Amino acid sequence: MIWENIKMACSSLRSNKMRALLTMLGIIIGIGSVIAIVTVGNSLSSSISTSMQSMGVNNITVGLTQKTQTESGSDGMTFDMSRGRTTYSSGDYMTDDMLEDLKENFSDSITAISLEESVGSGSVSDSGNTASVSISGVNADYFTANELTLLAGRSFLDQDYEEEKKVAMVSDLLVENLFASAPSAALGSTISVTVNNQYETYTIVGVYEYEESGVSVSSESDVTTTLYIPLETAKAQNHSDDGYTSLTIVTGAGSDSTTLSDEIETFLNRYYYNNENYEVSAYSMESMVSTMMETLDTVELAIAAVAGISLLVGGIGVMNIMMVSISERTREIGTRKALGASNGSIRVQFIIEAVIICLIGGFLGVCVGVGLGSAGASLLGYAASPTAASILFSLLFSMAIGIFFGYYPANKAAKMNPIDALRYE
């Protein structure tokens with residue numbers, strides 16, 4: 001019985017191909033829009049999640065933030081006002097003693113504490129070739145928090161830090177632009193850098209692999225790469241020995257970085273209880289990723305809901321065309337009822353026809369949506385990732401639209417009086 005109704009529905013659609021296609025258009029546009037949006041959204045989410053993972057999703061960033069003070073207005077309401085201070089005094093910095101205390105109290109959870117001090121940006125020149133660099137002093141734990149691929153040479157030794165040696169790790173891109181040679185050939189070379197209107201000389205002890213940040217530049221020679229030097233060397237050049245305003249903590253395997261960040265913040269703020277200007281704030285990359293994903297999901301859902309309005313329009317179109325189809329086939333309905341067809345069989349016949357229209361429209365919409373979504377993701381530079389769940393949901397939703405909007409016309413046909421139907425002209 002069902003198969004006969006399906007064949008009748010397909011026959012009816014074949015006899016009115018253009019009308020059927022126009023009826024499906026709203027479904028195709030609606031489903032296609034939703035699938036395209038979900039595909040691009042999933043691709044963007046996957047790319048961001050992968051990038052965050054590579055940056056260390058379990059890392060915790062700790063930094064100094066300005067305290068706020070409460071002021072009362074004339075109406076009795078209170079307001080939080082920033083003190084507006086932008087400079088640090090010697091008593092504001094996080095010190096090595098604080099960090100040692102932190103490591104001791106969280107020895108089971110903290111793997112490394114990455115420290116970095118910026119020296120500034122400058123240019124390196126050699127035999128007429130130049131390269132732009134930004135100089136950063138780093139400690140040994142920095143290389144644990146940030147995965148650098150060492151192509152030649154070595155990282156910094158303990159004596160490099162203790163003796164404030166002027167040694168450097170440079171990128172393979174700098175070596176190529178400056179020396180036009182293999183990374184290993186640059187080891188032991190001395191380079192002079194102009195930074196902060198001063199000349200600093202460093203000996204290259206290591207070459208790491210440069211990774212693109214995604215920011216477009218006119219050519220590779222315009223890229224500014226990082227030149228790493230020992231942290232103590234950077235402090236000596238900056239004439240700074242006060243402490244740190246920010247740092248990155250690498251957590252151990254199995255640690256809950258969100259909970260640990262709260263505990264670390266509470267622990268360090270004991271040192272800032274009497275500090276009127278600054279306090280410590282700590283947040284985990286994991287919580288940032290989670291918040292970002294939730295925001296992306298909300299935006300994606302909102303846009304998909306707007307696009308889904310066309311599904312409602314498409315459903316109304318299905319109902320409209322089914323009403324026209326029933327009007328055209330009134331005598332057929334009367335004949336079937338006169339031959340003994342029940343109201344239920346008539347109702348099922350037209351509901352199945354509406355469902356088939358919506359399913360075909362849904363299938364075409366999925367194809368259009370996957371194509372547009374893949375093209376959009378490619379234009380944004382992400383790998384397309386349509387989900388089977390969204391495709392299955394779209395097809396089931398198409399079927400539901402067919403049942404919902406096809407029921408009223410089908411019910412109207414089922415309740416026709418066979419005598420009146422046979423007399424219909």
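Before moving on, here are some points about what is shown:
- Within region 311-324, considering residues that are over 15 Å from ILE360 (Cα atoms) and at pLDDT 80 or above, the one surrounded by the most Cβ atoms within 10 Å (Cβ to Cβ): MET322
The rows are residues; the columns are (1) at negative phi; (2) at pLDDT 90 or above.
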| site | (1), (2) |
| --- | --- |
| ASP101 | yes, yes |
| ASP108 | yes, no |
| SER114 | yes, yes |
| SER125 | yes, no |
| GLY128 | no, no |
| ALA131 | yes, no |
| GLU147 | yes, no |
| GLY153 | no, yes |
| GLU162 | yes, yes |
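- Of all residues making up region 264-276, the number that are surrounded by fewer than 16 Cβ atoms within 10 Å (Cβ to Cβ) and either touching a Pro at 6+ places or on another chain (Cβ under 6 Å) or more than 16 Å from GLY243 (Cα to Cα) (or both): 5
- Residues of region 1-58 that are open to solvent by 60 Å² or more (accessible area, probe 1.4 Å), modelled with pLDDT of 70 or more and β-branched (Val, Ile, Thr): ILE29 alone.
- Filter pass, GLY334 being touching a residue at least 60 places away in the same chain (Cβ under 8 Å), under 17 Å from LEU21 (Cα atoms) and assigned to a helix (DSSP H, G or I): no
- The sole residue among SER374, SER290, SER378, SER398 that is in a helix (DSSP H, G or I), more than 21 Å from the chain's Cα centre (by Cα) and among the hydroxyl-bearing types (Ser, Thr, Tyr) is SER398.
- Hey, TYR161 in a strand (DSSP E or B) and either of a type outside the set (Ser, Thr, Tyr) or in contact (Cβ under 8 Å) with a residue 24 or more places away in the chain (or both) or not: no
- Screening PHE179 with (1) touching a residue at least 60 places away in the same chain (Cβ under 8 Å); (2) surrounded by 15 or more Cβ atoms within 10 Å (Cβ to Cβ); (3) not acidic (Asp, Glu) gives one miss only, at (1).
- The number of residues in region 369-386 that are closer than 22 Å to GLY26 by Cα and open to solvent by less than 70 Å² (accessible area, probe 1.4 Å) comes to 8.
- Any hit, region 332-353, residues being under 23 Å from ILE309 (Cα atoms), open to solvent by less than 70 Å² (accessible area, probe 1.4 Å) and of a type in the set (A, V, I, L, M): yes
- Number of the exception - SER118 against (1) open to solvent by less than 50 Å² (accessible area, probe 1.4 Å); (2) under 32 Å from the mean Cα position of the chain (by Cα); (3) farther than 30 Å from ALA253 by Cβ: (1)
- Whichever residue in region 381-395 is at pLDDT 75 or above and not hydrophobic (A, V, I, L, M, F, W, C) and, among such residues, is farthest from the chain's Cα centre (by Cα): SER394
Residues checked against (1) out of contact with any strand residue (DSSP E or B) (no Cβ under 9 Å at 6 or more places or on another chain); (2) in a strand (DSSP E or B):
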{"site": "GLU147", "(1), (2)": "yes, no"}
{"site": "SER155", "(1), (2)": "no, no"}
{"site": "MET169", "(1), (2)": "no, yes"}
{"site": "VAL175", "(1), (2)": "no, no"}
{"site": "ILE191", "(1), (2)": "no, yes"}
{"site": "THR194", "(1), (2)": "no, yes"}
{"site": "TYR202", "(1), (2)": "no, yes"}
{"site": "VAL205", "(1), (2)": "no, yes"}
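The values are calculated or read from the model by the stated rules, or taken from the named source; none is laboratory data. Just so it is clear, the model here is predicted, and its values are computed rather than measured. Note that each Cβ is placed from the backbone with ideal geometry, even for glycine, and that neighbours are counted across all protein chains shown. Note: areas computed on protein heavy atoms with side chains; ligands, DNA, RNA excluded. Shrake-Rupley method; radii C 1.70, N 1.55, O 1.52, S 1.80 Å.
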